[in-house]
Every structure is written in structure tokens, then in C-alpha cells.
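The values are calculated or read from the model by the stated rules, or taken from the named source; none is laboratory data. What you see is a predicted model; the values in this text were computed from it and never measured. In this analysis, Cβ positions are derived from the backbone assuming ideal geometry, glycine residues included, and neighbour counts consider all displayed protein chains. Each accessible area value is taken on the protein alone, full model and side chains, heavy atoms only, with ligands, DNA and RNA left out. Shrake-Rupley method; radii C 1.70, N 1.55, O 1.52, S 1.80 Å.
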Amino acid sequence: MASTYETVAGIISETCDIELDKITPESHAINDLGIDSLDFLDVAFAIDKAFGIKMPLEQWTADVNAGKFKTEDFFVLKNLCANIDSLVAAKA
Amino acid sequence: MRLEYFQMIDRITALDVPGKRIETACAVPDQSPVFEGHFPGYPIMPGVLLIETMAQTGGWLVLATQRCEKMPFLMQVEKAKMRSFVAPGQALVGTAELLHEGSGYAVVKASISAGGKKMCDAEIRYGVVPFPNDTLKAAMLETATRVGLPEEFHHGA
């Protein structure tokens, strides 16, 4: 069974046409991988479907804008995957 | 339909928010400047306007789901298929099913039929955001009343 990171990296690679070996757990989805807002919509939809969750993107954005968190806390892939794992665990 | 105003939906004929489904009625006008150009001697509804009709059908479902608290804006169209030409004067039935309601976005599967025959379909994705101003919100609520969106779904106003 694929890990959360493997699933997310696969989604990003396929959705955004980025070579898998260019994606690492330390990659920032927007700053490093260059994923724009429209492609991120595709990625978010695919992740929500794959894990049966609803990532609270609006809350994350609000928290970053309010200075409570940095974009790295949500969009660096290892952190994104940790958040996905938390959402999956909360659903169970 | 008022093609020149991009008001494609005449009436919401069925709405099932828990069931994530909507149905609309859209009457193609007999005459319009649109048909004079598209095409001379062979008037047919432009495919992009059929896509807009599907987007508005799904958009009303998203608005109802949001109780008109947020506005859906068309972001993406996937696999739009124009299966048959639509002629002036045809009575269209729009349907949409909400596939996924994400945070700040929504995805519907929509189609248009005429006389029981599917004319086109597409998967449509919206960015769902707070209304950018009160003018648009007021206009959408007025349109909601005109097309028959039940009052209970205006409660975000």
C-alpha cells in the first residue's frame, strides 16, 4: 500500500506533469514545484478524493494571512502529508 | 434565456440539496444576434454558451448548497462534449450533480437534454468565494427569486 507521500507525489506528478524525481518531501508545492492556483485545484480535488477528506484550504490560507502559520507549514509536501494523515485519522 | 445578458437559466424546476442534484429549464430564443453570426443560414447555439448553461445550472446547485453565502465562479471545464446541435426555439433541460464540495471549490457533473436526448455534458469546477461586493450579492439574490430558488436557500443573505 502506497504511503501518503507516495500518493500525493504521484497525484502532483500526474496532475501537473512534473517528473516524479523532481518532487521531494521538502518540495514546496507552489514555490518549488511552480503549481499555480488552477493546477492546485486539480491537486486538491484529487487528494480529497484519494483520502476521503476535505482539506480545509480556506482555513489554512486564513491562518497564513493572520500570521499564525507560514505557507511552508501547509504546502511543503512533508507537512502537507502530515496534515492529510491528521485529517484521515480524525475521520476514522 | 437572455443570451445577450448571459442569463441562461429560466427556471429551477427541481432541487434536491441533500441529494446533490438540480434540474433547470432553459428556452433557447427563436431569434438573437448570436444566431445571425453563428451561423448565417444555419443558426445553432454556440457550444461555449451550452457550456455556460451547464455551468449556471451547476452554479445554482452550489449557491443553494452554500445558502447563497458564497459565489461560485467558473474555473475549469473538463471533457466537455457537444453531442448534438441545439437550434433556436428548443426547450432545454439542464441537470447537474454535485460530485464534490471542497474547501473553496466545488465540482459538478452537468448535462443538457432536449426532448429526452442528451445534447452535451461536462465536468465543471468552480472556485467558491465570498461575494466580492454587495451589488453582486443583491443581483444574485434577485436572480435567485426570479428563477425560483426556494427562499430557504437564500438565508445567507
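Below are the figures for this structure:
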quantity	calculated
Rounded to 5, percent antiparallel among DSSP beta bridges of chain B	100 percent
Over 28 Å (Cα to Cα) - which of A:68/B:70; A:54/B:118; A:70/B:20 fall in this group	A:54/B:118; A:70/B:20
Point-to-point label distance, residue A:90-residue A:36, nm (Cα→Cβ direction, 7 Å offset)	3.1 nm
Those residues of segment B:93-110 for which accessible area with every protein chain present is at least 10 Å² below the isolated value (1.4 Å probe)	B:100, B:101, B:102, B:103, B:104, B:105, B:107
Among B:47, B:58, B:89: highest mean-square fluctuation, GNM of chain B, C-alpha pairs under 10 Å	B:89
Fluctuation leader among A:61, A:24, A:71 - chain A, Gaussian network, Cα springs under 10 angstrom	A:61
Cleavage-rule hits, chymotrypsin sites (Phe, Trp or Tyr not before Pro), segment B:1-102, DSSP coil, Cβ neighbours within 10 Å at most 16	B:6, B:85
Using alpha-carbon coordinates, inclination of helix B:47-65 to the longest axis of chain B, degrees	20 degrees
Segment B:80-147: C-alpha gyration tensor shape, a/c 1.5 cut-off, then a/b vs b/c	oblate
Contact order relative to length of chain A, as percent, for alpha carbon pairs under 8 angstrom and 6 or more apart	34 percent
Cα gyration tensor, segment B:1-81 - rounded (a/c under 1.5), prolate or oblate	prolate
Fluctuation leader among A:31, A:79, A:65 - chain A, Gaussian network, Cα springs under 10 angstrom	A:65
Amide H contacts of residue B:105 (H built 1.01 Å from N, under 5 Å, at least 5 apart or other chain)	B:128
Chain B shape via C-alpha gyration tensor axes, a/c threshold 1.5	prolate
Virtual spin-label span in nm between residue B:117 and residue B:21, 7 Å along Cα→Cβ	2.4 nm
Rounded tilt (10° steps) of B:134-147 against the dominant C-alpha axis of chain B	60 degrees
At most 14 other Cβ within 10 Å, DSSP loop - trypsin sites (Lys or Arg not before Pro), segment B:1-101	B:67, B:83
Accessible area, probe 1.4 Å, largest first, for residues A:35, B:51	B:51, A:35
Segment B:54-111, relative contact order in percent, only Cα pairs under 8 angstrom and at least six apart counted	42 percent
Relative contact order (%) - segment B:30-127, alpha-carbon pairs under 8 angstrom, separation at least six	31 percent
R0 of 30 Å, Cβ-Cβ distance residue B:5-residue B:77: FRET efficiency to nearest 0.05	0.90
Exposed-site-free run, longest, chain A (rule: trypsin sites (Lys or Arg not before Pro); DSSP loop; at most 15 other C-beta within 10 Å)	A:1-53
Per-residue [θ]222 nm for the protein assembly as shown (sum of -39500 (n - 2.57) over DSSP H runs n ≥ 4, rounded to 500)	-11500 deg cm²/dmol
Separation of alpha-carbon centers, segment B:104-157 and segment B:1-61, rounded to whole Å	12 Å
Lysines with Cα under 21 Å of residue A:22, excluding same-chain neighbours fewer than 8 positions away	A:78
Sequence-distant residues sharing a close amide H with residue B:7 (under 5 Å, placed H)	B:2
Most to least accessible of A:57, B:74 (protein chains only, probe 1.4 Å)	B:74, A:57
